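Participant: Encoded as structure tokens, here's the structure I'll be asking about.
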Amino acid sequence: MFSVPLLFGQDAIEGSSAALVTFGLYSLAVFVIAWLSHKVLLKRKFMSEYFLGSRNLGLIAFTLTFGATSASAGSFAGFPALIYTHGWVLAIWISGYTVAVIVAMGLFGKRINQIARKTGAITVPDMLRERFQSPAVSMLATLMIVTTVSVYLIPQFKIASLILVQLLEGNIVLVSSAAMMDSLTKDIGLLASVESEYFVCLLFFAVLVIAYTTFGGFRAVVWTDVMQGIVMFFGVLIMLVLALWQVGGLNKATEKMALMIPPKIGQAVFVIEEPAAEDLRISDNAWFTLPDENSDHVRLFRANKTALIAEGTTESKAVAIVEIITPEEIEDILASFPAGKPKPLLNVPVDFRLYKDKVDVTAEDAEESNELTSYAYGAGKRNTYISPPGPDLTDGAGFLPMIAGMSFFLFFALNGPGQPATMVRLMAFDKSKTVRGGIAMLSIYFAMIYFPLVIIFCCARVLIPGADANADRIMPLMSFHLSQTAGVPWLAGFLVAAPFAAAMSTVDSFMLMISSSIVRDVYQKSIKPNATQREVKWLSYGCMLVIGTIVTVLSINPPNVIQHVVVFASGGLAAVFTVPTILAMYWRRFNTPGMLCGMLGGLAPFTVLYSIKWINDLYEVPLIKDYSVSLFGFHPMFWGFIGSGVVAYLVTMNTDPPPEKLVSKFFDAEEIEAEN
Amino acid sequence: MNTTKPDNPKLAAPDPVWKNGLREMWIILGVCAVTLAVVTSVSYGLGLPAETGELQLIMGMPRWVVLGVLVPWIAATIFAVWFGLCYMTDDDLGSELEEESLVGEEGHDV
């Protein structure tokens, strides 16, 4: 155990009342929009209005809802976390977005809209059922959507809650609610280990998003998406300007990144001598130091999660920490604190124990050690943050070797068309001129969001060092840092609204999609075809509530790196839907067995490759101990594409062709009346 | 709906949305392949190896980022604008089926 000779107090990164007001206004606007949408809903037919906005989206609404739904918490929190952790190589990782819009909208935008109109389809399974005249296709599609999309929602809930935690940090309402929650949940196994602030914010977000989505339906989702799309656009641009200004120019930032040596990661348990008279908290932004046994320098650490020493106890749980390794960085950080005036972390003396293991290992299982974990690729090296493949904590080949770079290009370029939320929007625009304009407008929009994000969060490495062990919160941290340093704290409310909007716009769209799949494709089509609109309406509301509740429960203990979950879920949807849907749109000979087997043919390799990884993670099988989820460097989605394409072709060619009348309906200018 | 019964169904005029969409799809996939080749070859060609490379910046960014990602991104965006506004055909997507045929009982509207 080490006694703490020098402790620096918490950073100035914390919520402010001004930011809270700005953010409150934003949330209020969301509710106003939901209320207005509900007014429109009352005047129109429930199903097509609630789930598809009556298929009359114009250019602005279509483009921004498409963009806002595509840009999830992954884009605005997971992606920044990866940039922060791995550096400039993320420019290659995201480069598939160069063509993502033209692929997502242009590949079959007009065709899917046309087929949905011809069949009156409201959901994707609905459209597939009519295209093949097969309930089995619809049911399989529904099953895929409900399961996979539910997983996709978890990281959205997590990041929105983390943003709220940051925004409300120190706020009396949050502190007292958290204390009350602590006392209510301390004996409940699932909740006992959850940070109460996070849990309170999770509940708030869940109520907010479930309420307005349920109340307003698709139109509320689209209108809020438009507002959220605008917020995201200006939020990113303002962050870009502030980041470049505060870092002293991009040249300076990149030169500093070139000098950086990847940090070490581990955990620490904070200990006091006497049992605490009250709950003691050590902030998740606190710095502390230790003399280096091998030199005259000090070792510099940063806590990445809040450490709580509960009343009556003497030590905290293990919390993630980062040790800064680059000498120049250590010098800069120490110089940024008032010289000779270190602020103690607590009013009582504090000791700590270091653990080598990375995050998510309990102190009981972790290895106590003076040395923390080094990066598998990049340890001790400079220049790794400015060159491919980029540093990596666990993979000795680096974060993004060339094949992985190609794989992720294909991933982002091609996964758009396979997302049911994308397809629903393509079914909802009013005329082909809208999708043409949308391709142009959204291509510019994405270029002005995604590439600047790489620049902003490369600057974040310089401005906010030592947040590597909990990098998912870098977006809110950066928002607060930039606005407070610029002297405009209210701006933080607007800046954090951008990632919050991204999470919210994805959650509302996806919840609506799950609900519509269940209500339309299961209940109305298979259980009770003559259901009244009133029944359908209340079932839709109920579904929304149940889905929201389930996802909230699943988000109580979310995975650590949200971008991995986002990639898993969107990759799974793309593996199942992309190739079969393209074939359904363009291949006359494609039939029901081909569609069913094509979807399963995409699912199988995707599931197998991920399952091997999970088994390996759980049981550490020696034969596959170095297995990564990407076979030969290519993401499972890629193998899903190949699997679904090959299986769909072979099955189709070896089974009966579809009825000519059905084919003619979708592929001929004038429908024939064939006998078969 | 107006229907016809040609002697040979295969001779029926193809749906223009299908025909145009198919042509546009091949162009999009071609552009996708070209962009992939340019991005990966230029980025990894200029970006590696990290240890020996001298730091070369353009507008504050590593040279490989500008030439391997930013320039292709700008080019692809210009292409997408041209493709959407000038090349893609404006097709009639047809009219909407009425919801009455999709929902059972009448008279229970909200």
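Participant: Within 10 Å, count the other beta carbons around each residue, average over each peptide in A:318-331, A:465-478, and list them highest first.
Facilitator: The densest-packed peptide leads the list: A:465-478, A:318-331.
Participant: Can you give the extra length, in nm with one decimal, that the chain gains between residue A:215 and residue A:557 once fully stretched, where that is 0.36 nm per residue apart less the Cα-Cα distance?
Facilitator: Full extension of this stretch gives 120.3 nm more.
Participant: Simple spin-label model, 7 Å along Cα-to-Cβ: residue A:444 to residue B:86 in nm?
Facilitator: If labels sit at residue A:444 and residue B:86, their model points lie 1.5 nm apart.
Participant: Sticking with this structure for a sec: Give the residues of the stretch A:261-280 whose amide nitrogen is closer than 13 Å to a point set 7 Å from the Cα of residue A:348 in the direction of its Cβ.
Facilitator: A:270-280
Participant: Starting from the 7 Å offset along Cα-to-Cβ, what nm value, one decimal, do you get for the label separation of residue A:18 and residue A:485?
Facilitator: Going by the 7 Å Cα→Cβ label model, 1.7 nm.
Participant: Post the alpha-carbon centroid distance, the stretch A:500-533 to the stretch A:84-123, in whole angstrom.
Facilitator: Their Cα centres are 21 Å away from one another.
Participant: Here's a follow-up. For the stretch A:488-550, what does the accessible surface come to per residue with a 1.4 Å probe? Please give it in Å².
Facilitator: With the other protein chains kept in place, the stretch A:488-550 gives 30 Å² per residue.
Participant: Another question, if that's okay. Calculate the mean, over all residues of peptide A:527-533, of how many other protein chain Cβ atoms lie within 10 angstrom of the residue's Cβ.
Facilitator: Working: counts 0, 1, 3, 3, 4, 8, 9.
Mean inter-chain Cβ contacts per residue within 10 Å come to 4.
Participant: For an R0 of 35 angstrom, estimate the FRET efficiency from the Cβ-Cβ distance between residue A:332 and residue A:172 and round to the nearest 0.05.
Facilitator: Computed FRET efficiency for residue A:332 and residue A:172 comes out at 0.50.
Participant: Between rounded, prolate and oblate, where does the stretch A:146-248 land on the alpha carbon gyration tensor, with a ≥ b ≥ c its root eigenvalues, rounded for a/c under 1.5, else prolate if a/b exceeds b/c?
Facilitator: Values: a/c = 2.14, a/b = 1.27, b/c = 1.68.
Since a/c reaches 1.5 but b/c is at least a/b, the shape of the stretch A:146-248 is classed as oblate.
Participant: In square nanometres, what is one fourth of the surface area of the convex hull spanned by the alpha carbons of the stretch A:378-469? All intermediate terms of the calculation are to be shown ahead of the outcome.
Facilitator: Values: hull surface 33.6 nm².
Computed as one quarter of the Cα hull surface, the answer is 8.4 nm².
Participant: If each DSSP helix of 4+ residues adds -39,500 (n - 2.57) and the sum is divided by the residues in chain A, what number results at 222 nm, nearest 500 deg cm²/dmol?
Facilitator: Mean residue ellipticity, 222 nm, calculated: -20000 deg cm²/dmol.
Participant: Let me ask something else about it. Leaving out ligands, DNA and RNA, and with a 1.4 Å probe, what % of the accessible surface on chain A is carbon or sulfur? Write out the running numbers ahead of the final one.
Facilitator: Details: 15090 of 23360 Å².
Carbon-and-sulfur percentage of accessible area, whole number: 65.
Participant: Over the whole of A:117-130, what's the average partner chain Cβ count within 10 Å per residue? Rounded to a whole number, please.
Facilitator: What the average comes to for A:117-130 is 2.
Participant: Roughly how crowded by other chains is peptide A:413-423, in terms of the mean Cβ count from those chains within 10 Å of each of its Cβ atoms?
Facilitator: Per residue, the number of nearby Cβ atoms from other chains is 1 on average.
Participant: Pairs of alpha-carbon atoms within less than 8 angstrom and 6+ residues apart define the contacts here; what relative contact order does chain A have, in percent?
Facilitator: Across chain A, relative contact order equals 27 percent.
Participant: Across 5 Å bins from the origin, how do the percents of Cα pairs in the stretch A:239-300 run, short distances first?
Facilitator: Result returned by the calculation: 3, 10, 13, 14, 16, 15, 12, 8, 6, 3, 0.
Participant: Still on this structure, please answer the following. Can you list the equivalent-ellipsoid semi-axes of the protein assembly as shown, largest first and in whole Å, using the square root of 5 times each Cα gyration tensor eigenvalue?
Facilitator: One finds semi-axes of 47, 29, 24 Å for the protein assembly as shown.
Participant: Hey, what do the phi angles of the stretch A:328-337 turn into as Karplus ³J(HN,Hα) couplings, whole Hz, using 6.51/-1.76/1.60 and θ = phi - 60°, x for Gly and Pro?
Facilitator: Coupling constants for the stretch A:328-337: 4, 5, 4, 4, 4, 5, 4, 5, 6, 8 Hz.
Participant: Give the Rg (one decimal place) followed by the Dmax (whole number) of the stretch A:419-540, computed from C-alpha coordinates and expressed in Å.
Facilitator: 20.8, 62
Participant: Please grab the % of Cα pairs in the stretch B:21-90 that end up more than 18 Å from each other.
Facilitator: Tail fraction, whole percent: 49.
Participant: At a probe radius of 1.4 Å, figure out the B/A buried accessible area, summed over both chains, and give it in Å² to the nearest 100.
Facilitator: Answer for the B-A pair: about 7100 Å² buried.
Participant: Moving on to the next point. For residue B:23 and residue A:397, what is the calculated FRET efficiency with R₀ set at 51 Å and r taken between the beta-carbons, to the nearest 0.05?
Facilitator: So, using R0 = 51 Å, E works out to roughly 0.80.
Participant: Let me ask another. Can you give me the C-alpha center-to-center distance between the stretch A:225-256 and the stretch B:35-85, rounded to a whole angstrom?
Facilitator: So the separation of the two Cα centres works out to 20 Å.
Participant: Per the Cauchy relation, a quarter of the hull surface: what is the mean projected area of the convex hull of the alpha carbons in the stretch A:195-247, in nm²?
Facilitator: 5.3 nm²
Participant: At what distance in nm do the modelled label points of residue A:588 and residue A:526 sit from each other, each positioned 7 Å from its Cα along Cα→Cβ?
Facilitator: Each label point is offset 7 Å from its Cα along the Cβ direction, giving 3.3 nm.
Participant: Can you list, largest first and rounded to whole Å, the semi-axes you get for the stretch A:492-642 by taking the square root of 5 times each eigenvalue of its Cα gyration tensor?
Facilitator: Equivalent ellipsoid of the stretch A:492-642: 31, 26, 16 Å, largest first.
Participant: Turning to a different aspect of this structure: Which whole-Hz ³J(HN,Hα) couplings does the stretch A:413-424 yield from phi under the Karplus relation 6.51 cos²θ - 1.76 cosθ + 1.60, θ = phi - 60°, glycine and proline marked x?
Facilitator: 5, 9, 7, x, x, x, 8, x, 5, 5, 4, 4
Participant: Angle, helix A:474-485 long axis vs. longest principal axis of chain A, Cα atoms, 0 to 90°, nearest 10?
Facilitator: 60 degrees
Participant: Using the Kirkwood formula over every pair of different C-alpha atoms, what hydrodynamic radius in Å results for the stretch A:431-485?
Facilitator: On the way: mean 1/r = 0.0749 Å⁻¹.
By the Kirkwood definition, the hydrodynamic radius is 13.3 Å.
Participant: If the chain between residue A:36 and residue A:136 were fully stretched, how many nm would it gain, using 0.36 nm times the residue separation less the Cα-Cα distance?
Facilitator: Here the segment from residue A:36 to residue A:136 would lengthen by 32.2 nm.
Participant: Then there is this: Give me the extension gain from residue A:654 to residue A:615: residue separation times 0.36 nm, minus the current Cα-Cα distance, reported in nm with one decimal.
Facilitator: Net length gain for the segment: 10.5 nm.
The values are calculated or read from the model by the stated rules, or taken from the named source; none is laboratory data. Every value quoted in this text rests on a predicted model; they were computed, and no experiment measured them. We place every Cβ from the backbone using ideal geometry, glycine too, and count neighbours over all the protein chains shown. These accessible areas exclude ligands, DNA and RNA; they are computed on the full protein's heavy atoms, side chains included. Shrake-Rupley method; radii C 1.70, N 1.55, O 1.52, S 1.80 Å.
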